[in-house]
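Enquirer: My structure is below; once you've seen it, I'll send some questions.
The values are calculated or read from the model by the stated rules, or taken from the named source; none is laboratory data. Since we're looking at a predicted model, the values are computed, not measured. Counting neighbours? That spans all protein chains shown, and the Cβs are built from the backbone with ideal geometry, glycine included. The protein model used for the area step is the full one, side chains on, heavy atoms only, and it has no ligands, DNA or RNA in it. Shrake-Rupley method; radii C 1.70, N 1.55, O 1.52, S 1.80 Å.
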Amino acid sequence: MNKESNYSETLKDKFGWEEYTVFSIVLVLSTGIGLFYGVYKRKEQSKDEYLMGSRQMSAVPVALSLMSSFISAIAMLGNPMEVYLYGTQYLTVIISFIPMTFVLIYVYANVYFKMQLTSSYEYLEIRFNSAVRYLVSIINILYLIMYCSLVVYGPSLALNQVTGFDINLSVAIIFAVCIFYASIGGFRAVLMTDALQAIIMIGSMLAINIKGFSDEGFQSIWEKLEETRRIEFFRFDTDPRTRHTVWSIVFGGFFMYLNFFAGTQANIQRYSSMPDLKTVRKAILINYVALTVMMTCVVMSGLIILGKYFHCDPYSAKLIESSDQTIPFLVMDILGDYPGLSGVFVAGITCASLSTVSSGLNSLAAIITEDYVRKFKPDISDAVLLNVSRIVSIVSGILSFGFVFIAMNMGNIYPVAISIGGMVMGPTTGLFTLGIIFPFANSWGAFLGVVSSFMFTGLLTIGSSIAGMNKLLPDQSLSVSTENCSAYLSGIDLENIKHVNHSYAPGFDWKERHENDSPYIKLVSTSYLLFHGIGVLGSVFFGLFFSLTIKLSNLDRDKPVKKECLNEYFLTLWKWVAPNQIANLVEEKDTLKNGVSDETNKTHGL
């Protein structure tokens, strides 16, 4: 931006002491919870308490933690833009929560709870072998460190450009507070701050929706949606390049959310932190309600953007430097005259970052201490392991902070974060799915399968990023306008403004413009929403293919599968389909001891 408009400067000036007070209160409360559990409750802390909350957590805080750690600040900034720029089809993502919740409860959660593992990747060694465990563990450690940097940098940049809040200070404060309360207070502190932050996040988005729809009127917004051809809920286009269709939104959304809730250390850890399976299922159902409310508010705010800036798109008018800054710009525009309210939104964005990062740091502590420290030094005492966990949490936070400087060069953060998540979480969830559902999947088949899926999704992700940087991907955005920006543009050289109107949108004829693309460009132009599903199905398909190949080659040396590693409903189905084969593949003896497998007990010295 060559020169800021007087209007932009006016909005920044509205971020005063009241907003800073609200922001500070959130940080003080988060820090206070960490102090409470890290200092006041210090005598009660053991390794199990620090990493798992003594496995006695109740449903409500776990449910709110599940929601808040998933709805990152990136999602709060990026999801509204998907509706504003690409239409209402994205609103149907909420439908995917229903089958995801059902599958999570009846396919994955019961197995995870039954295993009672601290590190989710321990399951992979019990079900397959140590090579599978450490391959996936290392990749996910690197992903978590990088992802935490993305979810802090993106929002900090957006808030800096719109509110004037210093980006370096914002990043430093968020990481400092997270490192402090995650390392001092442990899992229980993370969970309780997550619950508080979830309430603030929902409140901030409700404030935007109530004020936005009150100002613009739903009928007026709907008419503008019709005029710009944005209303679409049943687009069944089978072209995988189409950004938003029923397939990419509902089915792609299903796998995207499933990957997070069924394939990540943070959430598998949460299922094992509760006292019984009934509480686990209750938490998942409450999470469904909270997630639906929050995501509805987030995506509906995209409609408010269209209503407010129908004749003056802030990005095209150079009022902001990237589309990720549109929501903060909107907040300052419609809430800036109400002292403290825009501070609530900044607090909500900050909470989203705090929740995701603190969960990531706690997960990294659990993975590294269980998969590496305890594995290779099984006689280490709980007291020493507790201190090691704290050190791991601190060091992981510092490393993630360092990755912020790489994130600065990644452009639009939301699609990047989703794509990288698909590259890592998709194959990982597919591997868990392979182990839980298919008793005839063997260890080296699983290893080769997940490697193949990592490679294929990596090709898609990296290829898509490179093609995007070279402007080779289809631009499917719908029309925006700068026809009436006079109220916003005082102080800006109008010759530098991109003059656009609603008569044309790239999304109207993108297929015609890209029909001669090479097969490679068409492949990497696949909708980023499908990357997660491709990763899951890739691990399952390749895993089964290689397992069958190894079996037919008489190279399978696996012992019978422990039945607690399998989903009981699918195991019953397989026994009905192929009873003789399953009898040879599955060890019927119950190898659980006090909720933990014998092999796990042996590893833990129990």
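Enquirer: When the convex hull of the Cα atoms of the chain is projected onto a plane and the area is averaged over all directions, what value comes out in nm²? Walk me through the numbers on the way to the answer.
Expert: Numbers: hull surface 107.7 nm².
Taking a quarter of the hull surface, the average projection is 26.9 nm².
Enquirer: Quick check on my link table: of Lys318/Lys511; Lys114/Lys278; Lys282/Lys563; Lys224/Lys308, which ones sit more than 20 Å apart, alpha carbon to alpha carbon?
Expert: On the way: Lys318/Lys511 28 Å; Lys114/Lys278 12 Å; Lys282/Lys563 25 Å; Lys224/Lys308 10 Å.
Over 20 Å apart, Cα to Cα: Lys318/Lys511; Lys282/Lys563.
Enquirer: OK, next. Post the alpha-carbon centroid distance, the stretch 18-32 to the stretch 231-307, in whole angstrom.
Expert: 29 Å
Enquirer: Compute the relative contact order of the chain as a whole-number percentage, counting only Cα pairs closer than 8 Å that sit 6 or more residues apart in sequence. Write out the running numbers ahead of the final one.
Expert: Values: 1024 pairs, mean separation 167.9, N = 606.
RCO, the chain: 28 percent.
Enquirer: Right, next: Specify, per residue and in Å³, the volume enclosed by the convex hull of the alpha carbon atoms belonging to the stretch 205-255. List each step's numbers first, then the result.
Expert: Working: hull volume 5.4 nm³, N = 51.
For the stretch 205-255, the hull spanned by Cα atoms encloses 106 Å³ per residue.
Enquirer: Carbon and sulfur: what percent of the chain's accessible surface (1.4 Å probe)?
Expert: Values: 14910 of 23210 Å².
So the carbon and sulfur contribution to the accessible surface is 64 percent.
Enquirer: Then there is this: What 222 nm value per residue comes from the helices of the chain, counting each DSSP H run with n ≥ 4 as -39,500 (n - 2.57) and dividing by all residues, nearest 500 deg cm²/dmol? If you can, show how the numbers build up before the last one.
Expert: Working: 25 runs with 394 residues, N = 606.
Value at 222 nm, helices only, nearest 500: -21500 deg cm²/dmol.
Enquirer: If you don't mind, another one. Do any cysteines of the chain lack a neighbour Cys whose Cβ is under 4.7 Å away, and which are they?
Expert: Cysteines lacking a close Cβ partner in the chain: Cys148, Cys178, Cys297, Cys351, Cys565.
Enquirer: Among the chymotrypsin sites (Phe, Trp or Tyr not before Pro) within the stretch 275-376, which fall in a DSSP loop and have no more than 11 other Cβ atoms within 10 Å of their own Cβ? All intermediate terms of the calculation are to be shown ahead of the outcome.
Expert: Values: sites: Tyr288, Tyr309, Phe310, Tyr315, Phe329, Phe345, Tyr372, Phe376; in loops: Tyr309, Phe310, Tyr315.
Listed in order of number, the matching sites amount to none.
Enquirer: Lys562's amide H: which non-local residues (gap 5+, or another chain) put their own amide H closer than 5 Å, with H modeled 1.01 Å from N in plane and none for Pro or chain starts?
Expert: It is Glu587, by chain and number.
Enquirer: Kindly report, to the nearest 10 Å², the accessible surface of Val22 as traced by a 1.4 Å probe over protein heavy atoms only.
Expert: Number for this one is 40 Å².
Enquirer: Compute the normalised compactness of the stretch 62-122: alpha-carbon radius of gyration over 2.2 N^0.38 Å, N being the residue count. Don't skip to the answer; put the middle values down first.
Expert: Numbers: Rg = 15.5 Å, N = 61, 2.2 N^0.38 = 10.5 Å.
The reported ratio for this selection is 1.48.
Enquirer: Quick one: Karplus J couplings for the stretch 331-348, per residue in order, coefficients 6.51, -1.76, 1.60, θ = phi - 60°, nearest Hz, x for Gly and Pro?
Expert: Working through the residues one at a time gives 4, 5, 6, 9, 10, x, 7, 10, x, x, 5, 5, x, 5, 5, 4, 5, x Hz.
Enquirer: Skip the ligands, DNA and RNA, and give the accessible area per residue of the chain with a 1.4 Å probe, whole Å². If you can, show how the numbers build up before the last one.
Expert: Numbers: 23210 Å² over 606 residues.
Here the per-residue accessible area is 38 Å².
Enquirer: Related question: Determine Rg/Rh for the stretch 198-293; Rg is computed over alpha-carbon atoms and Rh is the Kirkwood hydrodynamic estimate from the same atoms.
Expert: Values: Rg = 18.4 Å, Rh = 17.0 Å.
In the stretch 198-293, Rg relative to Rh is 1.09.
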